């Protein structure tokens, strides 16, 4: 007599969106969901939307349901990536007799980066050139609180 013990049906996992991630980031994200990146079949394409080494596309696509342990294939950008663009960001520091920390944050194809962080005097008008790549959202913070945001 043979006894078979079942652990139940296979677990289904939603494939995450890997677009814009590096191979290392994609591997970590997939591993956290018990999925595997197929590093033996990496493909490359020219892209002006993503920096070299970033994921451009994937199979299966984002949000597809797959069995835990499944393999995901990716296509990476070989560059050149989006051109750099500059924008002048202006901020007005509150005129309340105190110093304030002004921070300008850029979220673009590179991820999230601080473009400017400085302690400013009360009432200061600050104008700062900020560089970004591709589409970007730039947020100005004063003392850690959002004071303005614009997308490019």
* Asked: Is at least one residue of region 93-104 buried (at least 18 other Cβ atoms within 10 Å of the Cβ), more than 28 Å from residue 149 (Cβ to Cβ) and out of contact with any helix residue (DSSP H, G or I) (no Cβ under 9 Å at 6 or more places or on another chain)?
  -> no
* Asked: Any idea which of 69, 53, 123 is part of a loop (DSSP other than H, G, I, E, B), on the phi > 0 side of the Ramachandran plot and surrounded by 15 or more Cβ atoms within 10 Å (Cβ to Cβ)?
  -> 53
* To do: Those residues that are closer than 24 Å to residue 50 by Cβ and touching a strand residue (DSSP E or B) at 6+ places or on another chain (Cβ under 8 Å), I need them from region 108-128; list them, please.
  => 108, 109, 110, 112, 113, 114, 115
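To keep it simple, each residue is scored yes or no on (1) modelled with pLDDT of 95 or more; (2) in the same structural domain as residue 122 (by TED's automatic domain parsing); (3) in a loop (DSSP other than H, G, I, E, B); (4) at positive phi.
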residue	(1), (2), (3), (4)
26	yes, no, no, no
44	yes, no, no, no
62	yes, no, yes, no
89	yes, yes, no, no
94	yes, yes, yes, no
97	yes, yes, yes, yes
101	yes, yes, no, no
* For region 117-125, state whether one or more residues are farther than 30 Å from residue 23 by Cα and touching a residue at least 40 places away in the same chain (Cβ under 8 Å). => no
* **Meets criteria (within 30 Å of residue 15 (Cβ to Cβ), loosely packed, with under 13 Cβ neighbours inside 10 Å, touching a residue at least 12 places away in the same chain (Cβ under 8 Å) and in contact with a strand residue (DSSP E or B) (Cβ under 9 Å, 6 or more places away or on another chain)) for residue 80** => yes
* If you scan region 126-140, which residues turn out to be part of a strand (DSSP E or B) and surrounded by 13 or more Cβ atoms within 10 Å (Cβ to Cβ)? -> 126, 128, 130, 131, 132, 133, 137, 138, 139, 140
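The values are calculated or read from the model by the stated rules, or taken from the named source; none is laboratory data. Quick caveat: nothing in here was measured; it's all calculated off a predicted structure. Neighbour counts are summed over all protein chains in view; Cβ atoms, including those assigned to glycine, are modelled from backbone coordinates with ideal geometry.
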